[in-house]
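Engineer: This is the structure I have questions about; it appears just below.
The values are calculated or read from the model by the stated rules, or taken from the named source; none is laboratory data. Bear in mind the structure is a predicted one, so any value in this text is a computation, not a measurement. Backbone-built Cβ (ideal geometry, glycine too); neighbour counts: all protein chains shown. Surface areas here come from the heavy atoms of the whole protein model, side chains and all, with no ligands, DNA or RNA. Shrake-Rupley method; radii C 1.70, N 1.55, O 1.52, S 1.80 Å.
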Amino acid sequence: MMKRNLLALSLALVLALALCACGGSEDGKLAGGTWTESPEAIENMASFTDSYRAEDITGPIPADWTLPEGFTVGEKTRVEVCGDQILVGEFNDQGVMEGFTVSTYADGELTTIYEFKSGVVRSWQRFFSPDGTKLVAVWAKDADAPEWNVTLVDLTTGGESQLELPEMTFTSVNKETGQEETKTAEFLLPKWQDDTHLVVTGCPKEFNDDVKPITYVYTLPAA
């Protein structure tokens, strides 16, 4: 009996270490919400997509922070600050990050509270919810042939919840035939509406004013 208990304990420790290595646990607590289709007014695709982008992908870092020695921010370092939390990740020429780290700042020290290592992330997306208790990551295993996923993270626990997306299709006009075509979304744009509502829009790979994206609002489950 003792051997069985020791084996069970060992397996539990291995699983716990594996979850820590991935940067969070699959607690699913944020995945039990509801989706509602909510078309946004679209004057043109450029202004529409810009509304999802971070205004400054390299900061700014608060002027009164004294960052630890060795902490550097380069031209291709994605930085997003929310309260005492800072998200940092390096991106390539295509604006893609292979993961990122979230830390809290206090008295010149940074303490890591979460690491995202599931896949590639677009550097220009907005991550933190307004109150800083959650973040959203739209990611794929492969940037060249992406199948996009949406993960919500509870930063108070480090728990991850992968959302089951609604069917997202959009209508475009074939320029050669003039006929309307319905396609599955090839790209996802996320942004927080407020602390309990997340906006996710499915778009084509090539943006143009003839395309009609589809937008859903995800309402997080009640705490």
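Engineer: Where the centre of each part is set by its Cα atoms, how far does region 41-66 sit from region 68-108, in angstrom?
Structural biologist: So the separation of the two Cα centres works out to 15 Å.
Engineer: Quick one: angle between helix 2-22 and the longest Cα principal axis of the chain, in degrees between 0 and 90, rounded to 10, please.
Structural biologist: Long axis of 2-22 versus the principal axis of the chain: about 50 degrees.
Engineer: Here is a follow-up. I'd like the GluC sites (Glu not before Pro) in region 20-94 restricted to DSSP loop residues with at most 14 other Cβ atoms within 10 Å, sorted by number.
Structural biologist: Details: sites: 26, 37, 40, 43, 55, 69, 75, 80, 90; in loops: 26, 40, 43, 55, 69, 75.
Answer in residue order: 26, 40, 43, 55, 69, 75.
Engineer: Choose one answer from 135, 67, 87: the residue with the largest mean-square fluctuation in a GNM of the chain with alpha-carbon springs under 10 Å.
Structural biologist: Evaluated over the chain, the most mobile residue of the options is 67.
Engineer: Another one. Can you tell me the Rg and the Dmax, both Å, for the Cα atoms in the chain?
Structural biologist: For the chain, the Cα radius of gyration and maximum Cα-Cα distance read 19.7, 73 Å.
Engineer: Restricted to Cα positions, what overall size does region 98-223 have along the principal axes? Three whole-Å values, descending.
Structural biologist: In descending order, the Cα extents are 63, 33, 22 Å.
Engineer: Starting from the Cα-Cα distance between residue 34 and residue 101, subtract it from 0.36 nm times their residue separation and give me the gain in nm to one decimal. It would help to have the intermediate numbers written out before the result.
Structural biologist: Details: separation 67, 0.36 × 67 = 24.12 nm, distance 2.83 nm.
Extra length from residue 34 to residue 101 when fully extended: 21.3 nm.
Engineer: Still on this structure: Rounded to whole Hz and in sequence order, give me ³J(HN,Hα) for region 95-110 from the Karplus expression 6.51 cos²θ - 1.76 cosθ + 1.60, θ = phi - 60°, writing x for Gly and Pro.
Structural biologist: For region 95-110, the Karplus-derived couplings read x, 10, 10, 9, x, 7, 10, 10, 10, 9, 10, 7, 6, x, 10, 10 Hz, x marking Gly and Pro.
Engineer: If you don't mind, another one. Carbon and sulfur atoms: what percent of the 1.4 Å accessible area of the chain do they account for?
Structural biologist: Here it works out to 51 percent.
Engineer: Can you compute 3J(HN,Hα) from phi for each residue in region 42-49, using the Karplus curve 6.51 cos²θ - 1.76 cosθ + 1.60 with θ = phi - 60°, rounded to whole Hz and x for Gly and Pro?
Structural biologist: 10, 7, 7, 5, 5, 5, 5, 5
Engineer: In the full protein assembly as shown, how much of residue 42 is accessible to a 1.4 Å probe, in Å² to the nearest 10?
Structural biologist: Accessible surface of residue 42 is approximately 70 Å².
Engineer: With a cut-off of 8 Å between alpha carbons and a minimum separation of six or more residues, what is the relative contact order of region 118-159 in percent?
Structural biologist: Details: 61 pairs, mean separation 15.2, N = 42.
This gives 36 percent for region 118-159.
Engineer: Ok, one more. Express in nm, to one decimal, how much length is gained between residue 162 and residue 117 on full extension, taking 0.36 nm for each residue of separation and deducting their alpha carbon distance. Before the final figure, lay out each step's value.
Structural biologist: On the way: separation 45, 0.36 × 45 = 16.20 nm, distance 1.38 nm.
Value of the extension gain: 14.8 nm.
Engineer: Taking only Cα atoms and a 10 Å spring cutoff, compute GNM fluctuations for the chain and point out the largest among 77, 169, 182.
Structural biologist: 182
Engineer: How far, in nm, would the chain grow between residue 182 and residue 147 when pulled straight, counting 0.36 nm per residue and subtracting the alpha carbon separation? Don't jump to the answer; show the numbers that get you there.
Structural biologist: Values: separation 35, 0.36 × 35 = 12.60 nm, distance 1.81 nm.
Stretched fully, the residue 182-residue 147 segment lengthens by 10.8 nm.
Engineer: Let me ask another. Just the accessible area per residue of region 80-168, please: how many Å² with a 1.4 Å probe? Mind showing how you got there, number by number?
Structural biologist: On the way: 3910 Å² over 89 residues.
Averaged over the residues of region 80-168, the accessible area is 44 Å².
Engineer: Here is a follow-up. Please list, in order along region 151-163, the HN-Hα scalar couplings obtained from phi with the Karplus expression 6.51 cos²θ - 1.76 cosθ + 1.60 (θ = phi - 60°), rounded to whole Hz, x for Gly and Pro.
Structural biologist: Karplus-based 3J(HN,Hα) across region 151-163 equals 10, 9, 10, 8, 6, 6, 10, x, x, 9, 9, 8, 7 Hz.
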